[in-house]
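Quick notes on the structure that follows.
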Amino acid sequence: MKLFDSHCHLDDKLYNRDLGKVLERAKKAGVAHMMTVGVNHKSSAQAASLAESKPGVFASVGVHPHYARYCGTATLDFLIKLSNRAKVKAWGEIGLDYNRMYSPMEDQEKWYTKQLETAAELQLPVIFHERDSNGRFLEILKSHAKEISKGVVHCFSGTSQELEHYLNFGLFIGVTGILTIKERGKMLRNMVSDIPADRLVIETDAPYLTPAPEKNHTRRNEPAFVRSVLLKLAEVRKEDPKKLAQIIWENTCRLYNVGT
């Protein structure tokens, strides 16, 4: 099976000592491509550099809602320049997070909107983050949906109604290791069969959200573990893992405009 980890954070300090071995394990697990995702000025630059230096690694640039308070015109200009690099294939992750509120609501909404407009101008697919925004995320997205070429709802864990909205907007749905967690993943397991196969992508969000099989041995997630997400997804959907893996590979390559 050829796999694509559609969302990870390889620039995280938890990989400082052994990133080479992490990438080797990913390759052995069948993970041929990885999208390392920027969350602010610094990590976007690191993601772009990593992508340039590592085969099979691509990058996105953007400002996560946690860092919206630090965003500004100069930051956007810097990210726009980064986006011109050949292996930068997406803008994100961007959106709203009213759960932890690391940035004020007005800053989150301002820079979410500005980044949607920027991604539309650049014709880059968007990686979305949403948590506890009480409909505001969708409200802002709705006013820009026609301008966005493609996008993915990273780490989907919403309601069936939210899922319906995302699908109506033409978005891909990112499924993480939450699917494998007994209690936490119950609601997601009940919904994944409702997602059309051509809208599914899988991700680790590494080093976070370690799947259940590996969680017994390590707290740190890594791209190799996306295989466990795929196998659980196939089990829940009662589909052949190899066939589903091929569909998801093609989906992710299409999402990020990467050759298959």
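Free of any trypsin sites (Lys or Arg not before Pro) that DSSP assigns to a loop and that have at most 12 other C-beta atoms within 10 Å, the longest stretch within the chain is 18-99.
Between Gln123 and Thr260, full extension at 0.36 nm per residue minus the direct alpha carbon distance yields a gain of 47.3 nm. On full extension, the segment bounded by Lys110 and Arg184 gains 23.5 nm, given 0.36 nm per residue less the C-alpha separation. Treating r as the C-beta distance of Lys28 and Asn216 and R0 as 25 Å, the FRET efficiency rounds to 0.80. Dipole magnitude for the chain: computed about the Cα centre from +1 point charges on Lys and Arg Cβ and -1 point charges on Asp and Glu Cβ, it is near 860 debye. Placing +1 on the Cβ of every Lys and Arg and -1 on the Cβ of every Asp and Glu, with no other charges, gives the range 29-183 a dipole of roughly 500 debye about its Cα centre. GNM on the chain, C-alpha springs below 10 Å: top fluctuator among Phe225, Phe169, Phe156? Of Phe225, Phe169, Phe156, the most mobile in the Gaussian network model is Phe169. Using only Cα atoms, locate the centre of the range 175-195 and the centre of the range 102-130, then give the distance between them in Å, rounded to an integer. One Cα centre to the other: 27 Å. Taken one residue at a time, the phi angles of the range 61-68 give Karplus couplings (6.51, -1.76, 1.60, θ = phi - 60°) of 10, x, 10, 5, x, 4, 9, 4 Hz. Gly and Pro are set to x. FRET efficiency for the Arg131 to Lys243 pair, using the beta carbon distance and R₀ = 30 Å, is estimated at 0.40. Overall form of the range 60-99: oblate. Here a/c, set by the Cα gyration tensor axes a ≥ b ≥ c, is 1.5 or more, and a/b is not larger than b/c. Across the chain, the mean sequence separation of Cα contacts (distance under 8 Å, 6 or more residues apart), normalised by length, yields a relative contact order of 21 percent.
FRET efficiency for the pair Glu139 and Asp77, taken as 1/(1 + (r/R0)^6) with r the Cβ-Cβ distance and R0 = 22 Å, rounds to 0.20.
Multiplying the residue separation of Glu52 and Lys13 by 0.36 nm and removing their Cα-Cα distance gives an extension gain of 12.2 nm. When the chain is described by a simple charge dipole with +1 on each Lys and Arg Cβ and -1 on each Asp and Glu Cβ, the residue from Ser6, His41, Leu23 located farthest towards its positive end is Leu23.
FYI, it's all coordinate maths here, none of it is from the lab. None of these values were measured; they are calculated from a predicted model. Using ideal geometry, Cβ is built from the backbone for each residue, glycine included, and neighbour counts are taken over all protein chains shown.
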